[in-house]
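Peer 1: Handing you a structure now.
All of the numbers you see were taken from the coordinates with simple rules; none came from a lab. Treat the numbers as computed from the prediction; the structure is a model and nothing was measured. Cβ: placed from backbone, ideal geometry, glycine included. Neighbour counts: every protein chain shown.
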Amino acid sequence: MGYPKEVYDRAWQMMEQRAAQARQRGADRRRKVLRAAPEVAEIEREMAYQAAGITKTVLGAPDRAGELIEELAQRNLALQEMRGELLQKNGFAPDYLEEQFGCALCRDQGYVGARMCGCLQSLLEAEAYARLSDSAPVESCSFESFSLGYYPKTADAAGVSPHARMGDILAFCKSYAEGFSSASESLLLLGKTGLGKTHLSLAIAGAVTRKAYSVVYTPVQSLMDKLESDKFSYDAAKKEQYAGNVRSTVSCDLLVLDDLGTEFMTQFTSSTLYSIINSRLVSGRPTIVSTNLEMAEIEQKYSERMVSRLMGIYKVLKFTGRDVRLVKKGQGRA
């Protein structure tokens with residue numbers, strides 16, 4: 001469990017920017033105060049001198065350590081009061097020179113002791129979600145926006161209505177996202193185009209990302225194009241990108257492969273897809289695969305090893321109904 005290095009790097013960069021901005025604000029306030037009340041500088045020099053002398057004073061008279069420290073503390077408080085009065089006299093609040101951090105709890109350090117602060121966790125979640133949103137319309141694909149009203153309530157040949165079946169699938173996907181862990185099962189979403197497979201896989205991806213798991217979403221064709229182009233490039237940087245992208249797809253907490261079956265099949269595509277899917281199964285990392293293909297079409301298109309993993313190990317969710325996009329379009333004309 002954990003975000004990709006790029007997400008941590010970006011979050012830390014933002015944290016450092018916050019700390020730098022706090023220091024800059026403090027410096028600006030200090031310059032403003034010293035222009036109005038230069039005497040403050042002398043008081044602060046005395047405070048610094050008192051603080052630096054504590055260790056020397058205690059070592060010189062260890063038997064009176066407690067008494068001496070108390071005396072120094074009282075002297076420091078008196079100096080602080082003098083500074084506060086001087087600030088007020090010149091129109092500033094008594095605490096005007098205190099450092100004002102974006103997060104008072106961790107003082108923009110990201111951690112409180114050994115525990116990650118909530119402000120850093122929020123930055124990580126926001127950055128991971130933003131990266132996922134860059135590659136897919138996550139904002140518009142939530143569980144709340146998935147409407148069962150587009151699925152007929154009339155029973156099919158199996159005696160189950162698309163409305164009821166999709167209600168069960170929606171409930172399962174919500175539960176899957178809520179209880180997601182590195183031990184969650186892999187899912188195969190089957191059904192014709194426009195039935196909500198991408199919508200629900202993205203809803204899961206968004207929810208899982210907010211739970212601090214790393215998620216990679218990609219259409220299969222886009223992934224294969226990218227990997228093949230980088231692998232066979234003469235550019236060393238491209239080859240390095242290839243290795244990094246393979247690591248990301250294999251090691252992320254959840255991989256969402258959308259539109260399996262739309263990719264142009266080559267020896268490279270076939271072997272790479274199998275390698276990614278098999279590697280994730282071996283390492284116990286869950287994957288969600290969506291496809292418009294029927295079972296028989298999957299068996300015809302892919303190798304026996306690939307089919308055995310998709311159909312024998314993945315949990316299959318069969319989407320039914322009419323193309324939601326066409327239903328919406330028809331309602332728009334009405």
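Peer 1: Can you pull out the cysteines in the chain that have no other Cys Cβ under 4.7 Å?
Peer 2: So, C141, C173, C252.
Peer 1: Another question about this same structure. Counting Lys and Arg as +1 and Asp and Glu as -1, each charge on the Cβ, what is the dipole of the chain about the Cα centre in debye, to the nearest 20? Numbers along the way, then the final one.
Peer 2: Working: 43 positive and 41 negative charges, 171 e Å.
The calculation lands at about 820 debye.
Peer 1: To check you understand DSSP bridge types, tell me what percent of the beta bridges within the chain (both residues inside) are antiparallel, rounded to 5. Kindly include the intermediate steps, with their values, before the conclusion.
Peer 2: Details: 2 of 19 bridges.
Roughly 10 percent of the DSSP beta bridges within the chain come out antiparallel.
Peer 1: What are the ³J(HN,Hα) values, in whole Hz, obtained from phi via the Karplus relation 6.51 cos²θ - 1.76 cosθ + 1.60 with θ = phi - 60°, for each residue of the range 301-312 in sequence order, with x given for Gly and Pro?
Peer 2: Karplus values, whole Hz, x for Gly and Pro: 7, 10, 5, 4, 5, 5, 4, 4, 6, 5, 9, x.
Peer 1: Take peptides 253-265, 12-24 and line them up by average Cβ neighbours within 10 Å, highest first, as a rough protection proxy.
Peer 2: Working: 253-265: 19.9, 12-24: 14.6.
Put in order of decreasing packing, that is 253-265, 12-24.
Peer 1: Report, by chain and number, residues whose modeled amide H sits under 5 Å from the one on L293, excluding near sequence neighbours (fewer than 5 apart, same chain).
Peer 2: G191
Peer 1: To the nearest 20 debye, what charge dipole does the range 100-190 have about its Cα centre, counting +1 at the Cβ of each Lys and Arg and -1 at the Cβ of each Asp and Glu?
Peer 2: Details: 6 positive and 10 negative charges, 29 e Å.
Charge dipole of the range 100-190: 140 debye, to the nearest 20.
Peer 1: Let me ask another. State the label only: which of (1) 30.2, 94; (2) 21.9, 75; (3) 19.6, 63 corresponds to Rg and Dmax of the Cα atoms in Å computed from the shown model?
Peer 2: Matching the structure shown: (1).
Peer 1: Fewest to most neighbouring Cβ within 10 Å: what's the order for T209, T154, T272, T249?
Peer 2: Numbers: T209 26, T154 8, T272 19, T249 22.
Least to most surrounded, the residues fall as T154, T272, T249, T209.
Peer 1: Using only the alpha-carbon atoms, how far is helix 324-333 inclined from the longest principal axis of the chain? Give it as 0 to 90 degrees, nearest 10.
Peer 2: Once rounded, one gets 90 degrees.
Peer 1: Taking the Cα centre of the chain as the origin and placing charges on Cβ (Lys, Arg +1; Asp, Glu -1), which of G244, C173, P94 is farthest toward the positive end of the dipole?
Peer 2: Checked the options; the winner is C173.
Peer 1: Related question: Measure nothing but the geometry: give the 0 to 90° angle between the long axis through the Cα atoms of 267-282 and the longest principal axis through the Cα atoms of the chain, rounded to 10°.
Peer 2: Long axis of 267-282 versus the principal axis of the chain: about 60 degrees.
Peer 1: Moving on to the next point. Cα-Cα over 31 Å: which of K153/K197; K238/K328; K211/K315; K231/K301; K239/K301; K5/K197?
Peer 2: Working: K153/K197 19 Å; K238/K328 42 Å; K211/K315 22 Å; K231/K301 24 Å; K239/K301 29 Å; K5/K197 29 Å.
Distance filter (> 31 Å) returns K238/K328.
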